[in-house]
Amino acid sequence: MKKYKVSLSFQCNEDWNKMTQMEKGRHCDSCNKIVVDFSPLTDSQIVNYLLQNKNTCGKFNPTQLDRTY
């Protein structure tokens, strides 16, 4: 099985709670992107989403980052 590591290329300082709620996350007015909430997802759901959707903005729990999936 192939292993993956999720890490952030930058940290966004925008307030998640002030973003407009959308079907797949929230809309960030600063970058005009949908920010996906990965915090409730399983490891396999995160990996599958990221493999299918490159250049994704996301909200993660600290425990979901910088580890091998």
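At a glance:
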{"read-out": "Top-ranked residue of region 32-65 - restricted to ones that are in contact with a strand residue (DSSP E or B) (Cβ under 7 Å, 6 or more places away or on another chain) and in a loop (DSSP other than H, G, I, E, B), ranked as modelled with the lowest pLDDT", "value": "Thr56"}
{"read-out": "Among (1) touching a Lys or Arg at 6+ places or on another chain (Cβ under 7 Å); (2) of a type in the set (A, V, I, L, M, F, W, C); (3) loosely packed, with under 13 Cβ neighbours inside 10 Å, the one test that Leu51 misses", "value": "(1)"}
{"read-out": "Condition check for Asn32: within 12 Å of the chain's Cα centre (by Cα), on the phi > 0 side of the Ramachandran plot and free of Cβ contacts under 8 Å to residues at least 24 places away in the same chain", "value": "no"}
{"read-out": "Top-ranked residue of region 9-29 - restricted to ones that are of a type in the set (A, V, I, L, M, F, W, C) and part of a loop (DSSP other than H, G, I, E, B), ranked as least open to solvent (accessible area, probe 1.4 Å)", "value": "Met19"}
{"read-out": "Per-region count, region 6-39, residues among the charged types (D, E, K, R) and touching a Lys or Arg at 6+ places or on another chain (Cβ under 7 Å)", "value": "1"}
{"read-out": "Contacts under 6 angstrom Cβ, first residue in region 1-28 being closer than 22 Å to Gln52 by Cα, partner open to solvent by less than 90 Å² (accessible area, probe 1.4 Å) and among the hydroxyl-bearing types (Ser, Thr, Tyr), 6 or more apart", "value": "Lys3/Thr68; Tyr4/Tyr69; Lys5/Thr68; His27/Thr20"}
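The values are calculated or read from the model by the stated rules, or taken from the named source; none is laboratory data. Please read these numbers as outputs of a predicted model, since none were measured by experiment. Using ideal geometry, Cβ is built from the backbone for each residue, glycine included, and neighbour counts are taken over all protein chains shown. To get the accessible areas, we keep the full protein, side chains included, count just its heavy atoms, and leave off ligands, DNA and RNA. Shrake-Rupley method; radii C 1.70, N 1.55, O 1.52, S 1.80 Å.
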